[in-house]
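No lab work stands behind these numbers, since they all come straight from the coordinates. Not measured: the values here are computed from a predicted model. No Cβ is skipped: glycine too gets one built from the backbone with ideal geometry, and neighbour counts run over all protein chains shown.
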Amino acid sequence: MSSGSNERMFQFKYDPVTGMSEWVVVEGDDNHDNVVQPSSTIDLGTTSYLDMLNDNWRNKAYRLAIDKTVTRPCCVLDIGAGTGLLSMMAARAMGIADCTLASGDKRRVIACESYLPMVKLMRKLVHRNGMERKVTVINKRSDELKVGVDINSRAHILVSEILDSELLGEGLIPTLQNAHDELLVENPKTVPYRAITYGLLVESRFLWRQHDLHNNEVCLLDGIRLVPTELNPVLNVKAQQYPMHCDSLEEELKTLSEPFKIFEFDFWKRPDSHGEAQICIKSTSTGRVNAVLSWWVLQLDQEGTIFYSTAPKWIKHLQADFSGDGEWCDHWKQCVWFVPGKGLSVSKDEDIHLHAIHSEISISYNLWAENQGTKIHSNHSNEFQLTLSPEKIAVYSDDYWRHQVVLAVHNALRRKDSPLCFVVDDSIFLAPAIAHLCKSSRVMLLFPGLRERGFRYLHSIADTNQFSVDRLKLLDTQIDCLTIHDTDGKKIDLLVGEPYYYGFDNYLPWKNLRFWKERTRLERILSKDVSIIPGRGRLRVCAMSLPDLWKSRCSLADIEGFDHSVANNILGACGNLPSREESPMLPFFVWQCGGTKELSERLTLMEFDFTKPMSSCSGKAKVRFTKNGTCHGFVLWIDWVLDVENGVVVSSGPDNRYWKQGVKLLKTPVTVTNHDQHYSDEHHSVEMEAIFDSTSSNLILQYDFV
């Protein structure tokens with residue numbers, strides 16, 4: 001990287017619709033009045049920085065703890081400094097004079113941040129708040145810092161916020177180990193002071209469906225087995241903790257224990273890389289343990305008066321001292337660890353033994369009941385095993401979804417003799433479904449994300465599903481280069497996709513329109529009467545009240561006395577923006593977004609016709625409000641019309657909790673009323689237009705309240 005006033009960096013850019021990726025140069029400068037380049041804006045706008053900075057309880061807790069801990073001039077080290085908020089808090093608490101410090105002065109705040117776009121933003125914020133003489137910004141990883149080179153002396157105080165929902169996933173342990181070994185004085189002060197993880201045993205059919213496909217599909221009648229009994233667990237989720245908002249699951253969970261303490265991590269001393277805990281838990285009810293729900297509590301000060309908890313609201317009353325103010329936030333969730341298979345059957349008052357293990361970056365569990373000798377532990381992988389997201393496992397467990405897909409494929413195949421079928425996406429369900437329904441079919445697979453792993457998996461389940469692997473072919477040629485020679489001299493009779501692309505879990509719904517792009521690239525080798533599944537896509541919209549989500553994505557102003565307004569553009573702020581700025585559309589599981597309420601009818605805003613080559617298109621709709629309330633934004637999703645003629649549809653809307661929806665938040669919330677009521681000063685409807693640009697794959701949403 002070059003030095004001087006103009007900095008250049010490379011950033012990895014990926015277009016999920018085209019499937020193409022490249023390294024691009026991002027230009028930047030240190031002019032504190034300029035905003036950071038748009039490519040960095042898009043990158044940082046999908047992170048949790050904005051939500052974290054809008055977490056008032058977190059900000060207040062850190063400020064109170066830093067004010068109590070930094071009581072005299074000394075050397076303070078902030079690791080993973082982000083926007084520099086904690087560094088500026090420490091400098092203010094220390095009361096460093098405004099004059100320029102001598103190079104050897106030990107009264108300094110060192111802000112260490114490795115991510116260059118964040119460093120550039122931090123420098124702007126430090127300058128905006130008049131702290132550039134008090135805070136030294138270093139663009140390095142903390143384990144790259146050298147005492148006597150980067151910093152003058154070991155630090156007396158460590159302030160940090162390198163925590164994820166699991167606590168350890170951002171490298172807390174190795175970071176603390178290196179800091180204590182190389183960067184901190186003996187017996188340093190730290191903010192936070194310690195962290196404690198807690199757990200709860202729960203029964204939940206919703207959570208069970210997200211990992212145990214084998215036992216869920218046994219009851220299904222379509223005859224397709226993605227997880228044959230003899231190969232269980234050939235298809236599974238990773239044995240890890242999954243971040244999830246559990247407030248919305250309160251009515252669907254049956255608690256089978258009281259909360260219990262698991263691990264304690266002290267920031268003020270060097271942690272161990274590996275730790276184990278044996279915990280005996282008394283079951284509070286008869287049931288089946290499907291998951292271990294966990295959260296953590298931060299003790300920020302040494303005296304134990306300032307706490308922050310990530311427990312769900314319905315748990316916090318059991319930990320009253322740690323409750324905080326109960327505000328919803330998205331950057332820290334609870335975690336779910338799935339108990340393999342059907343779970344552990346327990347009786348009331350039975351002793352359950354939990355063996356918890358932590359590595360440097362994660363926590364895992366084994367458990368067993370007092371009267372059951374076999375431990376329930378994570379399944380070991382085999383050479384054919386595929387790991388998918390919990391949401392995808394749940395989709396493949398869903399009887400309705402499978403029925404709709406099988407029905408659409410059946411309707412298409414009944415008109416074809418010895419068809420050549422082409423699976424254009426990463427669906428592992430479609431190939432066995434086609435082979436099961438049509439014994440004379442040949443199936444060619446693109447598998448752009450799964451590739452050989454997916455193909456080996458299909459080989460492993462072929463015998464159980466009674467089809468020959470000779471009927472399958474994995475295409476190695478890039479799709480733009482495919483010719484009729486690659487399809488063995490035959491044109492494609494059936495082109496299918498779910499659509500599903502491996503690794504697309506965090507993208508906006510319309511990024512799955514990559515299916516349309518792929519179909520267009522194959523135009524030259526499609527037969528004249530080719531069937532396309534899905535045949536159409538409908539972009540759907542609903543106006544909603546989303547107070548918690550809107551607040552978490554609101555533009556920044558004063559945060560504990562520090563102006564953060566310069567960060568709004570790069571962090572993708574949505575609410576309270578200047579009139580000239582537009583908020584981004586972001587992917588969320590709407591059901592996990594705190595308080596929500598639908599305020600309008602659900603309408604189709606635009607249609608995509610997959611039977612024709614990809615093209616730009618647009619659509620308009622007048623959305624009428626059906627309820628009174630405050631509108632914070634619009635939720636958008638795609639209904640996939642698998643069979644146009646017979647109306648076979650699957651939806652990725654808010655009712656389906658296994659897909660993320662696209663959310664467009666308003667700059668300013670709008671009070672709306674039912675369109676049947678007549679109040680001249682209230683809004684009854686909104687006129688909307690959506691424009692899809694096939695060249696850039698971007699979706700633009702325009703709206704006007706009337």
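When restricted to Cα atoms, the chain yields an Rg and a Dmax of 27.4, 85 Å, respectively.
Of Lys342/Lys473; Lys238/Lys282; Lys146/Lys189, which sit over 24 Å apart, Cα to Cα?
Numbers: Lys342/Lys473 35 Å; Lys238/Lys282 28 Å; Lys146/Lys189 20 Å.
Result: Lys342/Lys473; Lys238/Lys282 exceed 24 Å.
A cut-off under 11 angstrom between Cβ atoms defines the neighbours of Lys68, and their net charge, with Lys, Arg +1 and Asp, Glu -1, is -1. Estimated from helices alone, the mean residue ellipticity of the chain at 222 nm is -5000 deg cm²/dmol (sum of -39500 (n - 2.57) over DSSP H runs with n ≥ 4, per residue). Its residues counted as N, segment 195-387 yields a C-alpha radius of gyration over 2.2 N^0.38 Å of 1.09. By other beta-carbon atoms within 10 Å, ranking Arg209, Arg553, Arg456 with the fewest at the front produces Arg456, Arg209, Arg553.
By the rule of a C-alpha distance below 26 Å, with chain neighbours fewer than 8 residues away ignored, the lysines paired with Lys664 are Lys13, Lys333, Lys392, Lys511, Lys517, Lys551, Lys597, Lys620, Lys622, Lys627.
Report the Cα centroid-to-centroid distance between segment 511-530 and segment 124-194 in angstrom, as an integer. Their Cα centres are 52 Å away from one another. As a rough footprinting exposure proxy, the listed residues Arg154, Arg524 were ranked by other beta carbons within 10 Å of their own, and the order from fewest upward is Arg524, Arg154.
Loop-resident GluC sites (Glu not before Pro) (DSSP state other than H, G, I, E or B) in segment 120-184 with no more than 16 further Cβ atoms inside 10 Å of their Cβ: Glu132, Glu170. Which shape class applies to segment 401-468: rounded if a/c is under 1.5, otherwise prolate when a/b exceeds b/c and oblate if not, where a ≥ b ≥ c are the square roots of the Cα gyration tensor eigenvalues? Note, shape of segment 401-468 comes out prolate. With only the Cα atoms considered, segment 398-533 has a convex hull volume of 112 Å³ per residue.
Distance between the C-alpha centres of segment 434-482 and segment 629-706: 37 Å, rounded to the whole angstrom.
Listed by Cβ neighbour count within 10 Å, with the fewest neighbours leading, Lys551, Lys627 appear as Lys627, Lys551.
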